[in-house]
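Asks: Just dropping this structure here.
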Amino acid sequence: MTTLFISDLHLDPSRPAITALFLDFVHNEARQAEALYILGDLFEAWIGDDTPSSAADAVAQALRELSQSGVPVYFIRGNRDFLVGNDYAARAGMRILPDPAVIELYGKPVLLQHGDLLCTDDVAYQAFRAQSRNPAFIAQFLAQPLEARVAFAQKARAASQAHQSEMKQGDNAKFETVTDVAPAEVVATFKRYGIDTMIHGHTHRPAIHNLQTGEHRCTRIVLGDWYEQGSVLRVDADGFRLEALQLPQG
Ligand code: MN
């Protein structure tokens, strides 16, 4: 049996082929799996479980059918969809895990997270993250009418894009560093949890990294995004396979 890990689908009405690829994955390959873990940024944007969205409805239905067929579905919120709440999770039949979370995978403890917590060089983003994850901030935001939430989200996205392009223009090498994980934070995280394997997304830099921290040989697996194709990590008792999922031809 195989356990599946995906992240950073960024599902959005502007890329219907990717939504179709994901639904096909849920209806077919995932049905044979032991469990499906979605490590954040399933959706490009999320401003409340009450937002009407036919794509979100289709995703919820597919995931609920999957969990009802006996394959548990777990979700860690990403930076784009951190407002996914208990209502939507219930509709989708998925269980929300904290970020980070430790699971046991084929007898080994493994740390799962979206990955943005590892990007500590982006000080402005970490400040925004701390503010926006405050329960009082979230409650106040979700209490606003839908139109006000849409306007706020557009403003936040414009500010984020301006922040990113400012960093890019300043120094592209620095931009690459700031938007990737901070190596010291990776080492500190391995030590903090006393584990030697972690899986995350967020940076859109799919890879399996092996590193030495003190006496431990550690493995950090980074899931890929679903922009031009899909990306899935397949894990079984024999190991890890990080692979692309191609869009159907034509
Ligand atoms: Mn992300």
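What follows is calculated from the coordinates using simple rules that are stated; it is not laboratory data. Keep in mind that what you see is a predicted model, and the values were worked out from it rather than measured. Note: ideal-geometry Cβ built from the backbone for every residue, glycine included; neighbour counts use all protein chains shown.
Asks: One quarter of the convex hull surface, Cα atoms only: what value does that give for region 3-143 in nm²?
Replies: 9.0 nm²
Asks: Using amide H atoms built 1.01 Å from N in the peptide plane, name the residues 5+ places from LEU245, or on other chains, whose amide H lies under 5 Å from its own.
Replies: Those qualifying (amide H under 5 Å, at least 5 residues apart or on another chain) are GLY230, SER231, VAL232.
Asks: When every alpha-carbon pair in the chain is counted, what percent end up more than 30 Å apart?
Replies: Here the long-distance tail beyond 30 Å is 27 percent of all Cα pairs in the chain.
Asks: Let's see if you can work this out: charge +1 on each Lys and Arg Cβ, -1 on each Asp and Glu Cβ, no other charges. What is the dipole magnitude of region 22-79 about its Cα centre, in debye to the nearest 20?
Replies: 140 debye
Asks: Please identify every one of the GluC sites (Glu not before Pro) in region 169-250 that sits in a loop by DSSP and has no more than 13 other beta carbons within 10 Å of its own beta carbon.
Replies: Answer in residue order: GLU215, GLU228.
Asks: What order, most packed first, do the peptides 154-162, 234-242 have when packing is the mean number of other Cβ atoms within 10 Å of each residue?
Replies: So the order, starting with the most tightly packed, is 234-242, 154-162.
Asks: Let me ask something additional. To the nearest 20 Debye, how big is the dipole of the chain about its Cα centre, given +1 on the beta carbon of each Lys and Arg and -1 on that of each Asp and Glu?
Replies: My answer is approximately 340 debye.
Asks: Here's another thing I want to ask about it. Determine the relative contact order of region 206-250: mean sequence separation of Cα pairs under 8 Å and six or more apart, normalised by residue count, in whole percent.
Replies: 28 percent
Asks: Sticking with this one: Would you mind getting the Kirkwood hydrodynamic radius of region 144-250 from its Cα pairs, rounded to one decimal in Å?
Replies: About 16.9 Å for region 144-250.
Asks: Also, I was wondering about something else. Return the FRET efficiency for the residue pair TYR193, LEU146: r is the Cβ-Cβ distance, R0 is 30 Å, and the value is rounded to the nearest 0.05.
Replies: 0.20
Asks: So if I place +1 on the C-beta of Lys and Arg and -1 on the C-beta of Asp and Glu, and nothing else carries charge, what would the dipole magnitude of region 107-250 be about its Cα centre? I want it in debye, nearest 20.
Replies: Value, rounded to 20: 320 debye.
Asks: How much length is gained if the chain between GLN32 and ALA55 is pulled fully straight, taking 0.36 nm per residue apart and subtracting their Cα-Cα distance, in nm to one decimal?
Replies: Full-extension gain reported as 5.9 nm.
Asks: Another question, if that's okay. Which of LEU146, LEU97, LEU11 moves the most in a Gaussian network model of the chain with Cα springs under 10 Å?
Replies: LEU146
Asks: Something else about it: Helix-only mean residue ellipticity at 222 nm, the chain, DSSP H runs n ≥ 4 weighted -39,500 (n - 2.57), per residue, nearest 500. What is it?
Replies: One gets -11500 deg cm²/dmol as the mean residue ellipticity at 222 nm.
Asks: To continue, here is another question. Positive end of the dipole of region 162-207, charges at C-beta (+1 Lys, Arg; -1 Asp, Glu), about the Cα centre: which of HIS204, MET167, THR189 has its Cα farthest in that direction?
Replies: Farthest towards the positive end: THR189.
Asks: With the dipole of the chain worked out from charges on the C-beta (+1 for Lys and Arg, -1 for Asp and Glu) around the Cα centre, which of PHE43, TYR227, TYR74 lies farthest toward the positive end?
Replies: TYR74
Asks: Please list, in chain and number order, the residues 5+ apart from CYS218 or on another chain whose amide H is under 5 Å from its amide H, with Hs placed from the backbone.
Replies: Answer set, sorted by chain and number: LEU211, GLN212, THR213.
Asks: Another question about this same structure. For region 1-160, what's the relative contact order in percent, using C-alpha pairs closer than 8 Å and at least 6 residues apart?
Replies: 20 percent
Asks: Counting other beta carbons within 10 Å of each residue's own, what order do ASP81, ASP87 fall into, fewest first?
Replies: Result, fewest neighbours first: ASP87, ASP81.
Asks: Now for a separate question. Note down the net charge around TYR193, summing +1 for each Lys or Arg and -1 for each Asp or Glu among other residues with Cβ under 14 Å from its Cβ.
Replies: In short, 0.
Asks: Further question on the same structure: For region 1-85, which chymotrypsin sites (Phe, Trp or Tyr not before Pro) are both in a DSSP coil and crowded by at most 12 other Cβ atoms within 10 Å?
Replies: none
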